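Structure, as C-alpha cells:
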Amino acid sequence: MRIEFAPLNVPLRRRLQTAAVVQWIFSFLALAQCCLAAFVLLALSDWWMVALLYAGWLWLDWDTPTNGGRRSQWMRRWSVWEHFRDYFPLTLLKTVDLDPKKNYIFGFHPHGVLVAGAFGNFCTEATGFSHLFPGLKPHLLMLPFWFRVPFFREYIMCGGLVSSSKSSLSYLVSRPEGGNVAVVAVGGASEALDARPGALTLQVQNRKGFIKLALKHGAQLVPVFSFGENELFDQIENPTGSPLRRLQNRLQSIMGIAMPLFHARGVFQYSFGLIPYRKPIRTIVGKPIPVVQTQSPSSEDIESLHKVYLQNLAELFEQHKRSYGLADDQHLAFI
C-alpha cells in the first residue's frame, strides 16, 4: 500500500487542529482506561489514602451524573475546542429560536462512529451554543457505565455529559424552571456499526423511550440532523448476518458499547489511522414539536408522537440536503 505522507510545511494552525483532534480521540478511546489504571496504582502506592478519600467522594457523589451532572463553563470554553471545531470544520445552525422557559429533548442523528458533532456542539462552546440558544443548557447523554470510572467521570461531566439512564433524562426535562436540553443520540451504539460514508439509515423505528418521557414530562421534541457525521471514518465491511457483525452484536449485548472497526487517516500521513478525515460537519437544529404533558401516555399516544417526530426529522433532512451536496434521490431510511 502506497503511503501518502503529510507535507512538512503544514501551517501551524492545522497542526494545532490535528493535535486537538488527537487529544479528543485519546479521550474517547483510552482516557478511561488510563484513569482506572491510575486509580489502581494510587491505591497500591504509598498514596493509598488519597485513593481512599476519592473512593469516599465517589460514594457520596454517585448520583450526580443522573441529577444534571456538574458542568464547567471554563472547560467548555477551552481554546482547544476551537481548534477541534476548525479541523473539520464543525458548524451549528438553528432554524428557530427556542424558549428558555421550556425543557427540550434533542434527538441527534446520525450517531456516527464517535458522535463528533454532538460532542463539539453540545459539550463545548466552540460553535456558540449559548449564543445561539441563550438561557438553555445542553446535556449530552452517555452510557452510565462511563460514570463509574474514577477520575474520568469528573472530566466528562465538566463538558455537560450526563448518564443516559431513564432517571437522568427525567430529571433534566422535569425541572419546573425550564432551560434544560437533553441531547439523545437516538440510534445508540448499534447505529455506530453502520456508520460509514454515504450511510443514510437511522435506527429509530423501535426507539420510543425518549418519546414516552417527552410526553410524561411535557418536554418539547426537537429533531437534529448532523450532515457529514458519517463521512468521518471508513469501517470494515460488516453486513448484517456476517460473522464480524454477529461478534460485534454479541460484544455489544455483553458490554453495552459498540465496537466498530473504523479507520481513516494518521497524524503524519493520510493513508491509515484513527484520526477522522477533514470533512465538514453541519449540524441543523430543527423546529420544536409541541408536546402536551400526559402523565400516563398510552401506546397510541407514543406511537402518534413518534410518527410526527419521524416526519419532522425527514422534512428537516429534505429541506437542507441540497445545501450540503446530497442528491434529490437520496433519502433517509428508518429501520
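The values are calculated or read from the model by the stated rules, or taken from the named source; none is laboratory data. Bear in mind that the values here come from a model prediction, so they are computed numbers and not experimental data. A quick note on method: Cβ atoms are made from the backbone with ideal geometry, for glycine too, and the neighbour counts reach across all protein chains shown. Heavy atoms of the whole protein, side chains included, go into the accessibility calculation; ligands, DNA and RNA do not. Shrake-Rupley method; radii C 1.70, N 1.55, O 1.52, S 1.80 Å.
Annotations
- The chain, dipole about Cα centre (Lys/Arg Cβ +1, Asp/Glu Cβ -1), debye to the nearest 20: 260 debye
- Net charge dipole size for region 2-143 [Lys, Arg +1 and Asp, Glu -1 on Cβ; Debye, nearest 20]: 400 debye
- Based on Cα atoms of region 148-210, Rg over Rh with Rh as the Kirkwood radius reads 1.04.
- Gaussian network model of the chain, Cα within-10 Å springs - most flexible of 19, 195, 214: 19
- Highest-first arrangement of 95-106, 293-304, where packing means the average Cβ count within 10 Å: 95-106, 293-304
- Accessible surface of region 12-324 [probe 1.4 Å, protein heavy atoms]: carbon and sulfur percent: 62 percent
- Share antiparallel - DSSP beta bridges, the chain, percent rounded to 5: 25 percent
- Accessible area per residue (1.4 Å probe, heavy atoms of protein chains only) ranks 177, 125 as 177, 125, with the largest value leading.
- Residues of the chain: accessible area per residue with a 1.4 Å probe, Å²: 48 Å²
- Evaluated at q = 0.14, 0.21, 0.26 Å⁻¹, a Debye calculation over the C-alpha positions of region 91-168 (equal weights, vacuum) places log10 I(q)/I(0) at -0.50, -1.09, -1.44.
- Listed residue pairs exceeding 30 Å between alpha carbons, taken from 101/279; 94/212; 102/279; 101/208; 216/279; 212/279: 101/279; 102/279; 216/279; 212/279
- Its Kirkwood hydrodynamic radius, worked out from the mean inverse distance over all distinct Cα pairs, puts region 226-273 at 12.4 Å.
- Between 288, 11, 176, the GNM of the chain built on Cα springs shorter than 10 angstrom shows 11 fluctuating the most.
- Spin-label proximity, residue 236 to region 22-50 - amide N less than 19 Å from point 7 Å beyond Cα toward beta carbon: 29-30
- Listed by number, the DSSP H helices of the chain that run 24 Å or longer by alpha-carbon position along their axis and have mean Kyte hydropathy of at least -1.0 are 12-29, 299-320.
- For the chain, built as a Gaussian network whose Cα springs stay under 10 Å, the top-fluctuating residue of 188, 128, 209: 209
- The chain - convex hull of alpha carbons, volume per residue in Å³: 169 Å³
- Derived from the Cα gyration tensor, the three semi-axes of the equivalent ellipsoid of region 257-296 are 40, 17, 5 Å, largest first.
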